1. Calculate the tail of P(r) for segment A:13-159: the fraction of all Cα-Cα distances greater than 29 Å, expressed in %.
2. Please state the shape class of segment A:69-108: rounded when a/c is under 1.5, otherwise prolate if a/b exceeds b/c and oblate if not, all from the C-alpha gyration tensor.
3. Please return the longest stretch of chain A lacking exposed loop sites, where chymotrypsin sites (Phe, Trp or Tyr not before Pro) count only if DSSP places them in a loop and at most 13 other Cβ atoms lie within 10 Å.
4. Let me check against my output: what whole-number percent is the relative contact order of segment A:60-137, with C-alpha pairs under 8 Å and at least 6 apart?
5. For B:280-293, what's the mean count of beta carbons from other chains sitting within 10 Å of each residue's beta carbon?
6. Please tell me the relative contact order of chain B in percent, rounded to the nearest whole number, where contacts are Cα pairs under 8 Å and at least six residues apart.
7. Please compute the Cα-Cα pair-distance distribution of segment B:1-86 with 5 Å bins starting at 0, giving whole percents from short to long.
8. Within the set of other residues whose C-beta is less than 12 Å from the C-beta of A:Gly147, count the net charge using Lys and Arg as +1 and Asp and Glu as -1.
Amino acid sequence: MNELLSLLEHDARRPLPELAAILKRSEYEIEKDLKTLENERIILGYNTLIDWNKAGTDKVTAFIEVNLTPQRDVGFDAIADRISRFDEVRSVYLMSGNFDLLVIVEESSLQAIADFIAQRLATIDGVTSTRSHFMLRPYKKDGLLTGPKERDHRLVVSP
Amino acid sequence: MSLDWNARISPTVRAVPPSGIRKFFDIAAEMEDVISLGVGEPDFVTPWTIRESCIYGLEQGRTAYTANRGLPELRAEIARHKKEQHGLGYDPKTDILVTVGVSEALDIALRAMLAPGDEVLIPEPCYVSYKACAMMAGGVAVPVPARIENEFRVTADDLEAHITGRTRVLLIGYPNNPTGAVMRREHLMELARFAEAHDLLVISDEIYGDLTYGDEPHVSFAALPGMQERTLLLDGFSKAYAMTGWRIGYALGAPELIAAMTKIHQYTMLCAPITAQLAAVEALRRGAKYRDKMVAEYNLRRGFIYRGLTKLGLSCFEPKGAFYIFPDIRSTGLSDQEFAEKLLMSEHVALVPGSAFGDCGQGYVRCSYATSLEKIDEALARIGHFLARHT
């Protein structure tokens with residue numbers, strides 16, 4: 001299974017026949033494994049990594065440090081879940097250190113993010129403070145460099 | 001000794017037939033592996049931001065009654081929304097009533113308008129409540145069959161044939177459940193002239209208004225020249241914002257009519273639940289992008305199911321609104337009831353016989369495409385399998 005996952009990790013679009021050939025198994029078996037991995041939520045999805053700004057669509061990303069008052073029995077989980085469900089929120093992590101949650105928000109404008117923080121996030125019972133950092137430029141995103149495609153510098157024929 | 005319940009139940013209520021939709025769902029509910037194209041509600045859950053605003057309201061202790069007419073901030077948002085959508089001006093203080101779904105609005109509207117024996121023109125096929133509500137309000141429901149040649153749009157000529165001295169109200173619902181038909185401006189203008197000529201009040205149920213596909217946006221009946229005063233516009237949150245279970249709708253109309261409806265509403269319902277009203281405020285403030293996303297998804301499925309059914313040889317017109325398609329199944333030689341029953345029993349696909357929506361729905365079935373593409377695909381395959389044995 002982990003071999004299959006490694007093959008898909010950086011290219012979710014690898015065709016089934018190719019996967020089957022590499023792993024020396026039938027397409028049917030691979031398909032079944034994929035279903036299992038999806039059902040067990042080991043594979044969470046098959047997103048496409050897009051540089052929206054390059055595509056001409058404005059996106060603003062903010063990294064928000066959030067401090068919370070933990071709640072009895074559930075600790076940080078209930079509030080983290082509540083925050084996670086907002087569409088604007090791309091990622092939520094529980095952190096060690098000076099703050100509790102790192103919330104990554106993506107929206108079309110600064111104004112939209114400000115609205116989200118002031119009206120939604122900061123007003124949640126248990127959120128004691130927020131501190132926002134706006135992303136200026138991505139250099140690498142989820143393991144992928146964002147710059148131009150790298151050329152093959154090798155000679156056409158070499159010993 | 002047991003009571004004679006037949007004599008104890010009001011004759012008005014006894015005269016109302018039970019809903020033809022429910023019967024099927026009781027059978028389908030017992031089956032495993034059923035694909036349902038029978039459900040008249042979105043398969044999306046309410047967008048989180050709307051749900052969360054309700055949770056927030058509860059945390060803040062917003063649990064009391066509201067004004068009879070609804071939260072002032074909700075009425076203000078509704079007024080703003082209708083201004084933006086159709087350029088219509090409604091005064092939040094006098095022209096708007098927030099109700100428990102459009103269902104309640106329809107009920108109290110008819111009760112406010114009708115004297116015993118007054119007639120209501122109801123184009124069919126139509127939503128199952130229209131006739132029943134008119135009857136329970138003491139009125140007489142006069143069904144007017146819309147014709148397939150007109151893609152199930154009702155025309156002034158159709159209506160003219162049913163007008164009498166007792167006709168008081170015209171009740172229309174476009175985009176239409178169950179046919180997916182829409183009325184464009186020119187079609188509505190014809191009805192507007194008809195309503196004016198016969199001095200009728202018009203109830204326009206526009207709950208599917210946001211679910212209109214293609215380049216031409218939905219035209220509200222109230223926005224036609226001279227029609228705002230005689231039109232009671234009904235709308236709600238169930239379909240566009242996937243909020244069916246919240247039960248929240250609203251009526252917009254002349255202050256006198258809204259005041260009369262409010263009188264019934266305050267004595268019977270008091271107010272719509274505050275939790276749902278708070279969520280509705282959020283839907284109007286921040287829900288548009290989620291609504292648009294859902295509409296885009298329905299549109300995708302609409303094309304898919306239309307092509308699928310046509311390819312299977314079932315004739316149907318391309319629906320332009322709501323999330324239903326209404327194929328003609330007469331080529332199978334089965335009645336719509338038989339078709340729906342046999343399809344459910346042999347292929348485990350649930351849909352609703354057209355006759356549940358009026359006699360002129362006979363020979364048609366309603367398929368809802370408020371379900372995932374994957375399921376629609378499977379349902380089409382099963383219907384294809386079924387048709388192979390019945391044509």
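1. The proportion of pairs with Cα distances above 29 Å equals 42 percent.
2. Verdict is oblate for segment A:69-108.
3. For chymotrypsin sites (Phe, Trp or Tyr not before Pro) (loop position, at most 13 other Cβ atoms within 10 Å), the longest site-free span of chain A is A:53-138.
4. For segment A:60-137, the relative contact order is 48 percent.
5. Rounded to a whole number, the mean comes out at 1.
6. Relative contact order comes out at 24 percent.
7. Going from the shortest bin to the longest, the percentages are 3, 8, 8, 10, 11, 11, 13, 17, 12, 5, 1, 0, 0.
8. +4
A short reminder: the numbers here are calculations on the coordinates, not readings from a lab. Computed from a predicted model, the values in this text were never measured in an experiment. A quick note on method: Cβ atoms are made from the backbone with ideal geometry, for glycine too, and the neighbour counts reach across all protein chains shown.
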